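No lab work stands behind these numbers, since they all come straight from the coordinates. Predicted model, so just to flag it, every value in this text is computed and none were measured. Cβ atoms come from the backbone with ideal geometry, glycine included; neighbour counts cover every protein chain shown.
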Amino acid sequence: MIKMIKMIKLFLLFITFTAFLITFVIGETWLVQVGVGGNNVFVPANFDMNVGDTVTYQFVEGTHDVIQSDTYGTCVKSASPNAFSSAKEIGSASAPPTVSWDLSKAPVGQIYYYCDVEDHCPVDKMYAMINVLPAGTPPKNPGVKASQVASPSSSTSATTSPSTPGKKSISSSDKQVSAVVVGGAILSLIGYFLY
Ligand SMILES: [Cu+2]
């Protein structure tokens, strides 16, 4: 009977630690599509995420880039020495190039960026923002999770519906999850022996 209770305790500890690690160690990856429908746009142009998350830009049409700015709607590169800027990417609906912006060290607050190709920013208002929330704060205006979007080869239009369940990419994210499960198990065992 005592063994049974210990087993249940161990299981609960395992669940707790795993949930904790998933929430705070693995950041989410958010997808922003660039040039959707041949327009000079970032989609979505405004969303909430948490500290530790990453944003992946998928260039689906036209030629664009991603340049960080210091204020919203300005077409001038940020003065920060670590300001983010991507190369100019040529969009493709069937095999879109992607650029990832690691915001794992971004402070809580708003991050602004724009496209500096031709007059996309001043004329077509090709600028956008990300609202970075503290870890654990649920986003009120969540973006599109990269894992929710079907792979480009299986989608028929350039505008992929965010609600499409899509295929999960079996790659580094799954390895990360298994690492977390192993970590959770180790921590649970430590907890088990401490009791
Ligand atoms: Cu552009």
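Run the numbers for Ala87 and Val108: contour at 0.36 nm per residue of separation, minus the present Cα-Cα distance, in nm. Before the final figure, lay out the partial values.
Working: separation 21, 0.36 × 21 = 7.56 nm, distance 2.59 nm.
Using 0.36 nm per residue and subtracting the Cα-Cα distance, I get 5.0 nm.
Just for the stretch 28-170, what percent of DSSP beta bridges are antiparallel, to the closest 5?
On the way: 22 of 34 bridges.
The answer is about 65 percent antiparallel.
Among the aspartates and glutamates, select those whose C-alpha is under 13 Å from the C-alpha of Lys77, and discard any that sit fewer than 8 residues away in the same chain.
Asp65, Asp116
In debye to the nearest 20, how big a dipole does the stretch 28-170 give about its Cα centre with +1 on each Lys and Arg Cβ and -1 on each Asp and Glu Cβ?
My answer is approximately 420 debye.
Would you be so kind as to identify which of Ser69, Phe42, Pro122 lies farthest towards the positive end of the dipole of the stretch 28-170, taking Lys and Arg as +1 and Asp and Glu as -1 on Cβ and the Cα centre as origin?
So the residue we want is Phe42.
What list of ³J(HN,Hα) couplings, whole Hz, do you get for the stretch 100-109 from phi and the Karplus terms 6.51, -1.76, 1.60, once you set θ to phi - 60° and write x for glycine and proline?
So the J values, rounded to whole Hz, are 9, 10, 7, 9, 5, 9, 5, x, 5, x.
For the stretch 51-58, take each phi angle, set θ = phi - 60°, evaluate the Karplus expression 6.51 cos²θ - 1.76 cosθ + 1.60, and give the result in whole Hz per residue in order, putting x for glycine and proline.
Once θ is set to phi - 60°, the couplings for the stretch 51-58 become 3, x, 8, 10, 10, 10, 8, 10 Hz.
Based on the mean of other Cβ atoms within 10 Å per residue, sort peptides 60-71, 108-119 so the most packed one is first.
Listed from highest to lowest mean packing, they are 60-71, 108-119.
Kindly state, to the nearest 0.05, the FRET efficiency for Asn39 paired with Lys9, given R0 = 35 Å and r defined as their beta-carbon distance.
Values: r = 56 Å, r/R0 = 1.60.
It comes out at approximately 0.05.
Which whole-Hz ³J(HN,Hα) couplings does the stretch 83-96 yield from phi under the Karplus relation 6.51 cos²θ - 1.76 cosθ + 1.60, θ = phi - 60°, glycine and proline marked x?
These are the phi-based 3J(HN,Hα) values: 4, 7, 8, 9, 6, 6, 10, 8, x, 8, 6, 7, 9, x Hz.
Ratio to report: Rg/Rh of the stretch 28-170, with Cα atoms as the point set and Rh obtained by the Kirkwood method; give two decimals.
0.95
Skipping prolines and chain starts, which residues have an amide H placed within reach, meaning under 5 Å, of the one on Gln33, given they are 5 or more residues away or on another chain?
Val43, Gln58
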